[in-house]
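Derivation of every value follows stated rules applied to the coordinates shown; laboratory data play no part. These numbers were taken from a predicted model, which means no experiment stands behind them. All Cβ positions, glycine included, derive from the backbone under ideal geometry; neighbour counts span all protein chains shown.
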Amino acid sequence: MQENYEIDNLDKQILQALTANARIPYAELAKNCSVSAGTIHVRVEKMKQAGIIEGTRVAINAKKLGYDVCCFIGVNLTSAKDYPDTIKRLEALEEVVEAYYTTGNYSIFVKVMTRSIDHLQATLINKIQTIDAIQSTETLISLQNPINRDVLP
């Protein structure tokens, strides 16, 4: 991985275009940026090598798949040494879609997607709260997600 890669205005244009549409052809992107498709290819590869571009992803609409409940769960661990094992256990749960090791009120902060409140309750009682290292949890249910974007270059 290349260290200290400095992005310039062309790189920013490329990143903004790929963020809007990761499937844009290099030829079209090159035309929009007034450079050759080869230049676009070289720049994208350099940003991949530098770890700036980590890959492309498909954006999935969770609600369209029936996941109507999004919540965040603050997790307090019995001991900090329990963190690695707890993360492995949480990662095994399909309902857990993100996890963060945090400072402040919680040891771990997780994002959970479930199909219903009943599904959320079952996930909490039968899965998350059965992990011995978890001392306590606090659940915050999201009502909507009005801002959802990537970091802009």
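The table below lists the values:
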item	result
Helix 117-126 vs. the chain, principal-axis angle (Cα, 0 to 90°, nearest 10)	70 degrees
Shape category assigned to region 9-49 from the gyration tensor of Cα positions, a/c cut at 1.5	rounded
Cross-link pairs beyond the 28 Å C-alpha cut-off, checked among K46/K111; K48/K81; K64/K111	K46/K111; K48/K81
Estimated inter-spin distance, A80 and I125, nm [label 7 Å along Cα→Cβ]	3.5 nm
The chain, relative contact order in percent, only Cα pairs under 8 angstrom and at least six apart counted	25 percent
Candidate values [x] 19.5, 63; [y] 15.1, 48; [z] 20.3, 58, label of the one derived for Rg and Dmax of the Cα atoms in Å	[z]
The chain: calculated mean residue ellipticity at 222 nm from DSSP helix runs of at least 4, using -39500 (n - 2.57)	-10000 deg cm²/dmol
Estimated distance in nm for a label pair at N148 and V58, the labels positioned 7 Å out from Cα along Cα-to-Cβ	1.6 nm
Between helix 9-20 and the chain: long-axis angle, C-alpha atoms, 0 to 90°, nearest 10	50 degrees
